[in-house]
1. List pairs: first residue in region 145-164 and within 30 Å of Ala30 (Cβ to Cβ) and touching a residue at least 12 places away in the same chain (Cβ under 8 Å), second residue among the small types (Gly, Ala, Ser) and assigned to a strand (DSSP E or B) anywhere in the structure, Cβ distance under 8 angstrom, at least six positions apart or on different chains.
2. Of the conditions (1) touching a strand residue (DSSP E or B) at 6+ places or on another chain (Cβ under 7 Å); (2) in contact (Cβ under 8 Å) with a residue 40 or more places away in the chain; (3) part of a loop (DSSP other than H, G, I, E, B); (4) not β-branched (Val, Ile, Thr), Gly209 fails just one. Which one is it?
3. Could you tell me whether Glu186 is among the acidic types (Asp, Glu), under 21 Å from the mean Cα position of the chain (by Cα) and surrounded by fewer than 17 Cβ atoms within 10 Å (Cβ to Cβ)?
4. Please go through region 48-86 and give me each residue that is within 26 Å of Tyr140 (Cβ to Cβ) and among the hydroxyl-bearing types (Ser, Thr, Tyr), ordered by number.
5. Only one of Thr294, Thr260, Thr266 is touching a His at 6+ places or on another chain (Cβ under 8 Å) and either free of Cβ contacts under 8 Å to residues at least 40 places away in the same chain or assigned to a loop (DSSP other than H, G, I, E, B) (or both). Can you tell me which?
6. Restricting the first residue to region 222-240 and requiring it to be over 17 Å from Cys142 (Cβ atoms) and surrounded by 19 or more Cβ atoms within 10 Å (Cβ to Cβ), which pairs with a second residue that is at pLDDT 95 or above and of a type in the set (Lys, Arg) meet a Cβ separation below 8 Å and a spacing of at least six or different chains?
7. On the basis of being touching a Cys at 6+ places or on another chain (Cβ under 6 Å), of a type outside the set (Lys, Arg) and either in a loop (DSSP other than H, G, I, E, B) or within 29 Å of Trp90 (Cα to Cα) (or both), does Leu282 make the cut?
8. In region 20-66, how many residues are outside any loop (DSSP other than H, G, I, E, B), closer than 23 Å to Thr124 by Cβ and within 18 Å of the chain's Cα centre (by Cα)?
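The values are calculated or read from the model by the stated rules, or taken from the named source; none is laboratory data. None of these values were measured; they are calculated from a predicted model. For neighbour counting, all protein chains shown are included, and Cβ atoms are generated from backbone atoms with ideal geometry for every residue, glycine included.
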Amino acid sequence: MAGPNNFLTQWKEARNLVLSAASQPAWQGALLEASMTQRQRFDGGAVLGLTTTRRSDLAYSGKGTAFATNGQVTSLDTKFTGFKAELSPWLAGWLFAFLMGTDTVTGAGSPYTHAFTFDETTRTAVPTTIYLEDTEAIKYTCPDMCIDEVTITISEIGAIMAEMTMQGTGYQTMGALANLPALAAESYILGSDAALTLGPVGAPASMLGRHMSTTLKLQNQLQVHRAPGGRLYGIFVRKQSPKFSIATTIAAKDTDDIYTLFQNDTAAAYSLTANSGAAAQLTISLPQVHLKTTKLGFDGDMEVWQIEADESTCYEVAGVPPISIGVVNSVPAYLTGAA
């Protein structure tokens, strides 16, 4: 017999996320469905948080009670958090394009080489649109979503892992896409393919066999810009000064080539390239690194150096950015081409 406790449970692996390589041509205008082409694999734990700011008369006198007698929503915010996925070539390009803001593409056909650097011509973030299906009933589109933070983790085996957060202006439109994109066949960029070179500028050396792991984090420190006339929503999203940090673990050897870089404040060149195929490559380049910390650690009984640097110790010299990211994949371009 049917009763109130009979219901169809919902499972997170059935959730869907759809992304686009295109940026929005204008704020408050979602991309058309024709541009929403990338059905993205993810671990299912990412959530869209729609939060409200409210006013009430709780703290005012003249009500005859200690409790609020009226209130209303005064602003809405959208934030996408908890995203974690294996790093495919498409996703690698998408993450760095929308975080850093510039995509310089070379190649007349696939594979294409993308060079990403922080856009310093503006403090306005780059908006795109995401689509989510949380349950059979809750399906919606969010425009004005901007990447705030990306973390890349490279370990000795398996796919490189990516984490991300996004900030929006509060807009959300309920309703399903007419046609969910097909799931793409994907390859992945592997940590086992990541080769690191590190050493004094002009004389970097291979760390093959000694490089144990790396974590790279980049941030835009996004803020939603609000102004009178914007109703419950932000007008746009703006960036503050870009931030980045890198932490790498390297096995120590009998002759020192790591601690002296820190001790002498030597300018070092850092380049990490993961080549998992002709159209599946990632390069992290820091041409002028001064190590912020160098700590002795242990992997079992093996001694390792744990080195760190960030935007305060990686310098721009002769117009060369302190950090740049390269991705080789089959995508002609990001940030443009909205349908």
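1. Val150/Ala162; Thr151/Ala162; Ile152/Ala162; Met161/Ala85; Ala162/Ala85
2. That leaves (1) as the condition not met.
3. Values: among the acidic types (Asp, Glu): yes; under 21 Å from the mean Cα position of the chain (by Cα): yes; surrounded by fewer than 17 Cβ atoms within 10 Å (Cβ to Cβ): yes.
So Glu186 passes the test.
4. Within region 48-86, Thr51, Thr52, Thr53, Thr74, Ser75, Thr78, Thr81 meet the criteria.
5. Working: Thr294 fails: touching a His at 6+ places or on another chain (Cβ under 8 Å); Thr260 fails: touching a His at 6+ places or on another chain (Cβ under 8 Å).
Result: Thr266 is the single residue among Thr294, Thr260, Thr266 that is touching a His at 6+ places or on another chain (Cβ under 8 Å) and either free of Cβ contacts under 8 Å to residues at least 40 places away in the same chain or assigned to a loop (DSSP other than H, G, I, E, B) (or both).
6. From residues that are over 17 Å from Cys142 (Cβ atoms) and surrounded by 19 or more Cβ atoms within 10 Å (Cβ to Cβ), the pairs are Lys239/Arg123.
7. Details: touching a Cys at 6+ places or on another chain (Cβ under 6 Å): no; of a type outside the set (Lys, Arg): yes; either in a loop (DSSP other than H, G, I, E, B) or within 29 Å of Trp90 (Cα to Cα) (or both): yes.
Answer is no for this residue.
8. Counting residues in region 20-66 that are outside any loop (DSSP other than H, G, I, E, B), closer than 23 Å to Thr124 by Cβ and within 18 Å of the chain's Cα centre (by Cα) gives 2.
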